[in-house]
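Enquirer: After the structure tokens below, expect a handful of questions from me.
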Amino acid sequence: MKYLDEFRDAHLVRACLDQLRAITTRPWTLMEVCGGQTHTIVRYRLDQLLPPQIRVIHGPGCPVCVTPMELIDAAIELAASPEVLLCSFGDMLRVPGTRGDLLGCKAKGGNVHIIYSPLDALQLAKAHPHKQVVGFAVGFETTAPAHALAVKEAARLGLTNYSLIVAHVLVPPALEAILSSPENQVQGFLAAGHVCTIMGYEMYEALARRYRVPIVVTGFEPVDLVEGLLLTIQQLEEGRYDVLNQYARSVRRMGNMNARALVEEVFEPTTRTWRGFGELPASGLALRPTYRDYDALVRFADRLAGLSEKSAVSTSMEQDCQSGLVLQGRLKPSDCPAFGTRCTPEHPLGAPMVSAEGACAAYYRYRSA
Amino acid sequence: MNQGFSQCPLPISPDETIRLAHGSGGRLTQRLIQHMFRPAFSNAFLDPLHDGAVLPSYEGRLAFTTDAYVVHPLFFPGGDIGSLAVYGTINDLAMCGAVPRFLSASFIIEEGLSFRTLHRVVTSMAEAAAKAGVHIVCGDTKVVDRGKGDELFIATSGLGSIPSGLDLGPHRIASGDRIVVSGDLGNHGMAVLSQREGLTFAGDLRSDSAPLHKVVQDLVKQGVGLHCLRDLTRGGLASALHELANGTRLQFCIDEPRIPVMEPIRGACELLGLDPLYVANEGRFVLLLPASEVDHAVAVLQQHEVSRHATEIGHVRLRDEDSHDPAVLLRTLVGTERILDMLSGEQLPRIC
């Protein structure tokens with residue numbers, strides 16, 4: 001398959017690894033930002049093939065994992081209302097909120113629909129004029145343009161039964177939070193190729209300069225990952241800290257200008273609480289005032305009143321779960337005392353054990369022999 | 001058995017719908033049986049419409065199995081719930097080495113289903129049974145309130161006879177056996193998913209739903225030494241291998257680059273973040289057999305349309321009992337080894 005087989009070529013992977021071994025003289029700690037990249041590393045057990053000096057730690061790039069409890073609770077609360085059709089991407093469904101997850105809510109009669117595109121929710125709104133269709137807008141910059149398009153289209157059609165719970169988060173503030181932490185160990189980043197496809201990588205240049213870390217925009221296949229590692233280690237060994245683009249088949253420096261303009265028009269940056277990180281300024285997206293009518297949290301404010309206190313109380317439930325440390329790259333999933341014993345995909349303590357992009361799920365599913 | 005079927009007019013009016021009374025045992029039930037099921041399935045064992053079918057005996061041992069079919073949508077590219085309910089149960093018998101002989105068929109129908117739809121399903125079942133050479137000899141019909149079913153559920157049980165001297169099953173799998181898969185994977189699950197969700201992908205996604213007993217009978221007839229067969233249904237190849245390995249001291253090792261998955265299926269799985277090794281099939285099976293039998297088996301398999309992509313994908317060895325040696329091991333495209341785990345819950349499509 002074009003764009004796939006050539007990036008899964010075992011010979012190319014081996015050749016890159018040979019180069020990596022040849023140039024690595026010191027220990028280095030790198031972070032791959034995206035959960036999709038984590039899954040590739042663990043799925044193909046690339047970590048077994050790396051030179052022993054290179055430590056790869058896994059970043060916060062699992063949007064499902066960082067979505068705060070109160071937004072999941074809000075989604076569950078709304079899905080339980082008879083007049084609401086709650087639309088969500090599939091891998092949000094198993095993530096636990098304070099009172100269970102969306103799959104459990106569905107089993108009890110909640111109206112939860114798995115959608116494949118944000119525009120599917122619009123179709124549902126058109127087909128069910130007497131229902132309130134609520135989209136759960138989860139994701140990094142990658143999925144934001146499609147949600148922006150859906151909101152614009154809803155406005156154009158004058159749909160009054162469509163709204164969004166906006167949980168979008170932005171990558172650069174999370175990287176900044178990691179780099180500015182006194183406990184930071186990360187010396188170089190593999191940035192998420194699909195996020196940069198939309199947003200470009202211009203905004204990483206200041207970050208790379210300020211913190212003197214090389215950042216390499218990297219794809220998601222085995223060859224991409226080892227090339228990304230090679231480009232990062234080369235810079236570290238030579239004392240450089242540039243932003244390079246390994247994922248050139250998809251990413252331009254300025255990204256996709258149409259998609260960026262769409263996001264800019266519909267959303268504005270807002271402070272967002274990240275599960276595992278806490279509150280980060282300007283790290284999320286909210287609907288601009290022009291589109292505030294489509295904000296489900298505003299539209300259903302009465303119904304959702306009182307939920308946030310309950311969610312706040314519940315954070316104590318998460319004490320057992322160390323996913324915050326995992327998401328910040330300070331703990332390897334397999335080093336968590338609950339991993340694989342008290343915390344499994346069937347009985348997760350936290351989101352990274354159930355999300356398709358969660359680091360704990362990757363470690364559990366693709367354990368090495 | 002189907003001579004009566006071709007003369008069967010569409011019963012009553014095709015635009016009529018199933019009502020609760022069609023399952024009450026009264027006149028409407030009788031009409032449904034007389035105008036729909038009996039003409040379609042007619043054979044000497046069914047026609048007396050007695051409380052049970054009286055069947056002849058066969059030499060050798062019997063195999064007996066049952067399965068329920070709840071697929072939605074009822075019709076999908078490459079098949080429908082009717083043919084699936086016949087082939088799925090036949091395939092379970094075939095995996096025991098049995099010649100499928102008789103099926104039962106129970107219908108749980110949701111009030112409001114159109115006669116036209118039911119007739120399409122029943123016709124498809126009758127054609128599938130005729131093609132496979134089995135008789136549907138008994139059955140039942142129940143109607144549930146609207147909203148309490150999903151249009152139509154079908155349960156079939158199957159009875160088959162195993163030729164004397166043939167003994168296939170997990171108990172015969174031994175260290176050193178080879179693992180052969182009869183064809184490319186993931187077709188049924190992706191065809192149904194794309195149809196149900198209205199997803200369009202590049203390429204033609206069609207279910208692989210097909211009867212497997214003829215190719216199994218040919219393998220036996222050609223003298224291929226087989227140890228165990230297992231059809232790959234829900235949960236896919238990964239789950240089937242786990243079921244076979246669990247509770248044994250055996251470890252199944254498969255080679256990712258050798259597992260056949262066609263391009264449209266790979267593409268669709270990549271887009272949705274699904275792993276084809278866990279996706280359902282309805283016309284594929286895995287064979288466990290001695291290394292010396294592999295070439296012969298693959299040659300016979302490839303003569304049949306249903307298994308023309310058959311290929312060897314791995315081997316069986318003893319597990320180290322002291323360490324936590326996994327039951328199923330995958331050698332990846334890049335040559336590393338990892339666990340191929342059981343699925344936890346449904347595979348859910350990812351965000352991006």
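Enquirer: Out of the residues in segment B:321-347 meeting the condition of being more than 10 Å from chain A (Cβ to nearest Cβ) and over 15 Å from B:ILE179 (Cβ atoms), tell me which one is surrounded by the fewest Cβ atoms within 10 Å (Cβ to Cβ).
Expert: B:ASP322
Enquirer: With A:GLU6, A:GLU32, A:GLU70 as the choices, which residue is in contact with a strand residue (DSSP E or B) (Cβ under 6 Å, 6 or more places away or on another chain) and either within 12 Å of chain B (Cβ to nearest Cβ) or not hydrophobic (A, V, I, L, M, F, W, C) (or both)? Give the steps one after another, and end with the answer.
Expert: Values: A:GLU6 fails: in contact with a strand residue (DSSP E or B) (Cβ under 6 Å, 6 or more places away or on another chain); A:GLU70 fails: in contact with a strand residue (DSSP E or B) (Cβ under 6 Å, 6 or more places away or on another chain).
From the options A:GLU6, A:GLU32, A:GLU70, the qualifying one is A:GLU32.
Enquirer: Continuing with the same structure: If a residue must be of a type in the set (D, E, K, R) and assigned to a loop (DSSP other than H, G, I, E, B), how many such residues does segment B:198-235 contain? Reasoning before the result, please.
Expert: Step one: of segment B:198-235, the residues of a type in the set (D, E, K, R) are B:204, B:206, B:208, B:214, B:218, B:221, B:230-231, B:234.
In the following step, the residues that additionally are assigned to a loop (DSSP other than H, G, I, E, B) were identified as B:204, B:206, B:208, B:234.
Residues that pass the stated criteria total 4.
Enquirer: A follow-up question, please. Please count how many residues of segment B:292-306 are surrounded by fewer than 19 Cβ atoms within 10 Å (Cβ to Cβ), under 20 Å from the mean Cα position of the chain (by Cα), assigned to a helix (DSSP H, G or I) and not acidic (Asp, Glu).
Expert: Of the residues in that region, 2 qualify.
Enquirer: I would also like to ask the following. Residues of segment A:192-219 being open to solvent by less than 30 Å² (accessible area, probe 1.4 Å) and free of Cβ contacts under 8 Å to residues at least 60 places away in the same chain, which ones?
Expert: Taking segment A:192-219 first, the residues open to solvent by less than 30 Å² (accessible area, probe 1.4 Å) are A:192-193, A:195-196, A:198, A:200, A:204, A:207-208, A:213-219.
Within segment A:192-219, A:CYS196, A:TYR204, A:LEU207, A:ALA208, A:VAL213, A:PRO214, A:ILE215, A:VAL216, A:VAL217 meet the criteria.
Enquirer: Right, another one. For segment A:83-140, give me the residue count where each residue is part of a loop (DSSP other than H, G, I, E, B), open to solvent by 60 Å² or more (accessible area, probe 1.4 Å) and either within 13 Å of chain B (Cβ to nearest Cβ) or modelled with pLDDT under 95 (or both).
Expert: First, pick out the residues of segment A:83-140 that are part of a loop (DSSP other than H, G, I, E, B): A:83, A:89, A:93-96, A:98-99, A:101, A:108-111, A:115-117, A:128-131, A:138-140.
Then keep just the ones that are open to solvent by 60 Å² or more (accessible area, probe 1.4 Å); that gives A:83, A:99, A:108, A:128-131.
With the extra rule that they be either within 13 Å of chain B (Cβ to nearest Cβ) or modelled with pLDDT under 95 (or both), the set shrinks to A:99, A:108.
Of the residues in segment A:83-140, 2 are part of a loop (DSSP other than H, G, I, E, B), open to solvent by 60 Å² or more (accessible area, probe 1.4 Å) and either within 13 Å of chain B (Cβ to nearest Cβ) or modelled with pLDDT under 95 (or both).
Enquirer: Output yes when any residue across segment A:180-191 is open to solvent by less than 10 Å² (accessible area, probe 1.4 Å), touching a Leu at 6+ places or on another chain (Cβ under 6 Å) and of a type outside the set (A, V, I, L, M), and no when none is.
Expert: Yes: segment A:180-191 contains one or more residues that are open to solvent by less than 10 Å² (accessible area, probe 1.4 Å), touching a Leu at 6+ places or on another chain (Cβ under 6 Å) and of a type outside the set (A, V, I, L, M).
Enquirer: Got a number for residues in segment B:308-320 being open to solvent by 50 Å² or more (accessible area, probe 1.4 Å) and either outside any loop (DSSP other than H, G, I, E, B) or not assigned by TED's automatic domain parsing to the domain that holds B:LEU219 (or both)? Don't jump to the end; show me each part of the working.
Expert: Step one: of segment B:308-320, the residues open to solvent by 50 Å² or more (accessible area, probe 1.4 Å) are B:308-309, B:315, B:317-318, B:320.
Keeping just the survivors that are either outside any loop (DSSP other than H, G, I, E, B) or not assigned by TED's automatic domain parsing to the domain that holds B:LEU219 (or both) gives B:315, B:317-318.
Result for segment B:308-320: 3.
Enquirer: Also: Of the residues in segment B:18-39, how many are of a type in the set (Ser, Thr, Tyr) and either surrounded by fewer than 16 Cβ atoms within 10 Å (Cβ to Cβ) or at positive phi (or both)?
Expert: First, the residues of segment B:18-39 that are of a type in the set (Ser, Thr, Tyr): B:24, B:29.
With the extra rule that they be either surrounded by fewer than 16 Cβ atoms within 10 Å (Cβ to Cβ) or at positive phi (or both), the set shrinks to B:24.
Counting residues in segment B:18-39 that are of a type in the set (Ser, Thr, Tyr) and either surrounded by fewer than 16 Cβ atoms within 10 Å (Cβ to Cβ) or at positive phi (or both) gives 1.
Enquirer: Could you say whether any residue in segment B:233-256 is among the small types (Gly, Ala, Ser), surrounded by 21 or more Cβ atoms within 10 Å (Cβ to Cβ) and touching a strand residue (DSSP E or B) at 6+ places or on another chain (Cβ under 6 Å)?
Expert: Scanning segment B:233-256, I find at least one residue that is among the small types (Gly, Ala, Ser), surrounded by 21 or more Cβ atoms within 10 Å (Cβ to Cβ) and touching a strand residue (DSSP E or B) at 6+ places or on another chain (Cβ under 6 Å), so the answer is yes.
Enquirer: Could you tell me whether segment B:296-304 includes any residue that is within 14 Å of chain A (Cβ to nearest Cβ) and either among the charged types (D, E, K, R) or farther than 25 Å from B:HIS171 by Cβ (or both)? Quick ask: steps written out before the conclusion?
Expert: In the first step, residues of segment B:296-304 are kept if they are within 14 Å of chain A (Cβ to nearest Cβ); the result is none.
No, the conditions are met nowhere in segment B:296-304.
Enquirer: Just the residues that are farther than 28 Å from B:GLN251 by Cα and open to solvent by less than 50 Å² (accessible area, probe 1.4 Å), please, taken from segment B:169-207. If you could, list the steps in order and put the result at the bottom.
Expert: First pass over segment B:169-207, keeping only residues farther than 28 Å from B:GLN251 by Cα: B:190-207.
Passing the criteria: B:MET190, B:ALA191, B:VAL192, B:LEU193, B:SER194, B:LEU199, B:PHE201, B:LEU205, B:SER207.
Enquirer: Continuing with the same structure: Output the residue which, of all residues in segment A:141-160 that are away from every other protein chain (no Cβ under 14 Å) and open to solvent by less than 10 Å² (accessible area, probe 1.4 Å), is farthest from the chain's Cα centre (by Cα).
Expert: Looking at the filtered set, the residue picked out is A:ALA154.
Enquirer: Please enumerate the residues belonging to segment B:244-256 that are assigned to a helix (DSSP H, G or I) and either of a type in the set (Phe, Trp, Tyr) or modelled with pLDDT under 95 (or both). Show your work before the answer.
Expert: At the first step, the residues of segment B:244-256 found to be assigned to a helix (DSSP H, G or I) are B:244-245, B:256.
Once the filter is applied, which keeps residues that are assigned to a helix (DSSP H, G or I) and either of a type in the set (Phe, Trp, Tyr) or modelled with pLDDT under 95 (or both), segment B:244-256 yields only B:ALA245.
Enquirer: Evaluate segment B:157-168: report whether one residue or more is surrounded by 17 or more Cβ atoms within 10 Å (Cβ to Cβ) and farther than 24 Å from B:ASN281 by Cα. Full working, then the answer.
Expert: So the first thing to find is which residues in segment B:157-168 are surrounded by 17 or more Cβ atoms within 10 Å (Cβ to Cβ), and the list is B:157-162, B:168.
Now drop any that are not farther than 24 Å from B:ASN281 by Cα, which leaves B:161-162.
Yes; the residues of segment B:157-168 include at least one that is surrounded by 17 or more Cβ atoms within 10 Å (Cβ to Cβ) and farther than 24 Å from B:ASN281 by Cα.
Enquirer: Being open to solvent by 20 Å² or more (accessible area, probe 1.4 Å), among the aromatic types (Phe, Trp, Tyr) and assigned by TED's automatic domain parsing to the domain that holds B:ARG249, is that true of even one residue in segment B:140-155?
Expert: no
Enquirer: Are any residues in segment A:16-54 open to solvent by 50 Å² or more (accessible area, probe 1.4 Å) and over 22 Å from B:PRO260 (Cα atoms), and if so, which ones?
Expert: As a first pass, look at segment A:16-54 and keep what is open to solvent by 50 Å² or more (accessible area, probe 1.4 Å): A:18-19, A:21-23, A:25-27, A:43, A:47-48, A:52-53.
Those that are open to solvent by 50 Å² or more (accessible area, probe 1.4 Å) and over 22 Å from B:PRO260 (Cα atoms): A:ASP18, A:GLN19, A:ARG21, A:ALA22, A:ILE23, A:THR25, A:ARG26, A:PRO27, A:ASP47, A:GLN48, A:PRO52, A:GLN53.
Enquirer: Further, regarding this structure: Looking only at segment B:49-70, count every residue that is closer than 23 Å to B:LEU118 by Cα and modelled with pLDDT of 95 or more and tell me the total.
Expert: Of the residues in that region, 5 qualify.
Enquirer: Is it true that some residue in segment A:54-61 is modelled with pLDDT under 95 and either within 12 Å of chain B (Cβ to nearest Cβ) or assigned to a helix (DSSP H, G or I) (or both)?
Expert: yes
Enquirer: Looking only at segment A:1-15, which residues are over 19 Å from B:PRO260 (Cβ atoms) and not basic (Lys, Arg)?
Expert: Residues satisfying the conditions are A:TYR3, A:GLU6, A:PHE7, A:HIS11, A:LEU12, A:VAL13, A:ALA15.
Enquirer: Exactly one of (1) open to solvent by 10 Å² or more (accessible area, probe 1.4 Å); (2) modelled with pLDDT of 95 or more is unmet by B:CYS228. Its number?
Expert: Of everything listed in (1) open to solvent by 10 Å² or more (accessible area, probe 1.4 Å); (2) modelled with pLDDT of 95 or more, B:CYS228 misses just condition (1).
Enquirer: Going by the conditions given, is B:LEU103 assigned to a helix (DSSP H, G or I) and buried (at least 19 other Cβ atoms within 10 Å of the Cβ)? Full working, then the answer.
Expert: On the way: assigned to a helix (DSSP H, G or I): no; buried (at least 19 other Cβ atoms within 10 Å of the Cβ): yes.
Criteria not met by B:LEU103.
Enquirer: Does segment B:316-329 contain at least one residue that is under 21 Å from B:ASN91 (Cα atoms) and among the hydrophobic types (A, V, I, L, M, F, W, C)? Even if it seems obvious, please write down each step before you answer.
Expert: Kept after step one, since they are under 21 Å from B:ASN91 (Cα atoms), are these residues of segment B:316-329: none.
Within segment B:316-329 (the criterion being under 21 Å from B:ASN91 (Cα atoms) and among the hydrophobic types (A, V, I, L, M, F, W, C)), the answer is no, since none of the residues qualifies.
The values are calculated or read from the model by the stated rules, or taken from the named source; none is laboratory data. Note that the structure is a prediction, hence the values are computed from the model and not measured. Neighbour counts are summed over all protein chains in view; Cβ atoms, including those assigned to glycine, are modelled from backbone coordinates with ideal geometry. Note: accessible area is taken over every heavy atom of the protein model, side chains too, but ligands, DNA and RNA are not part of it. Shrake-Rupley method; radii C 1.70, N 1.55, O 1.52, S 1.80 Å.
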